[in-house]
1. If you average the sequence gap of Cα pairs under 8 Å that are 6 or more apart and divide by the length of the chain, what percent do you get for the contact order?
2. Starting from the Cα of Arg102, step 7 Å along the direction of its Cβ; do the same at Arg62; then give the gap between the two resulting points in nm.
3. Which of (i) 1.39; (ii) 1.16; (iii) 1.06 is the computed Rg/Rh (Cα atoms, Kirkwood Rh) for the structure on display?
4. Set the Förster distance to 22 Å, then compute FRET efficiency between Arg74 and Lys51 from the Cβ-Cβ distance, nearest 0.05.
5. Suppose R0 equals 35 Å. What FRET efficiency, 1/(1 + (r/R0)^6) with r the Cβ-Cβ distance, do Glu109 and Arg17 give to the nearest 0.05?
6. Just grab the label-to-label distance for Glu41 and Ser87, each label 7 Å out from Cα along the Cβ direction, in nm (one decimal).
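Taken together, the values in this text are just the output of simple stated rules run on the coordinates, not laboratory data. Since the structure is predicted, the reported quantities are computational estimates derived from the model, not experimental observations. Positions of Cβ are backbone-derived with ideal geometry, glycine not excepted, and every protein chain shown enters the neighbour counts.
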Amino acid sequence: MKMDTIAKETRLLCRYRIDTEEQLFSYKKTLLEEKENLLFERKRIYADFRKSKEKSPKDRERLSAITKRLKKIREEVRLCEGIEKRSNHIKENLTVIQEEHRKEREEHEHRRRRSRANR
């Protein structure tokens, strides 16, 4: 399950050529704006349905298309959020690892200098 999600996230990044955090945030913002527009349009169509006796096939098709697109948008937003969480976690881990390496280098340097002084 987790590997499947990571694979989907990777495909999303590759498909839209997202290389930076800013690009990811921008893409997510675009998705959320599109979602709001589609929800507004869907709400308008439903209101028209309630007002009129006849429900046009064109509106039914549009509702179906909106629903499918909303499903896709919601999935991609979840993937973006997963990428954000994972990238923050990875950054934290990298910071810890870099700090450990820095301490090790300092310790080795300290030992090396101390051993030279004893010669």
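1. Details: 28 pairs, mean separation 44.0, N = 119.
Computed value for the chain: 37 percent relative contact order.
2. 5.8 nm
3. Working out Rg/Rh (Cα atoms, Kirkwood Rh) from the coordinates points to (i).
4. Working: r = 28 Å, r/R0 = 1.28.
So, using R0 = 22 Å, E works out to roughly 0.20.
5. Numbers: r = 42 Å, r/R0 = 1.21.
In this case the efficiency is close to 0.25.
6. Calculated label separation equals 2.8 nm.
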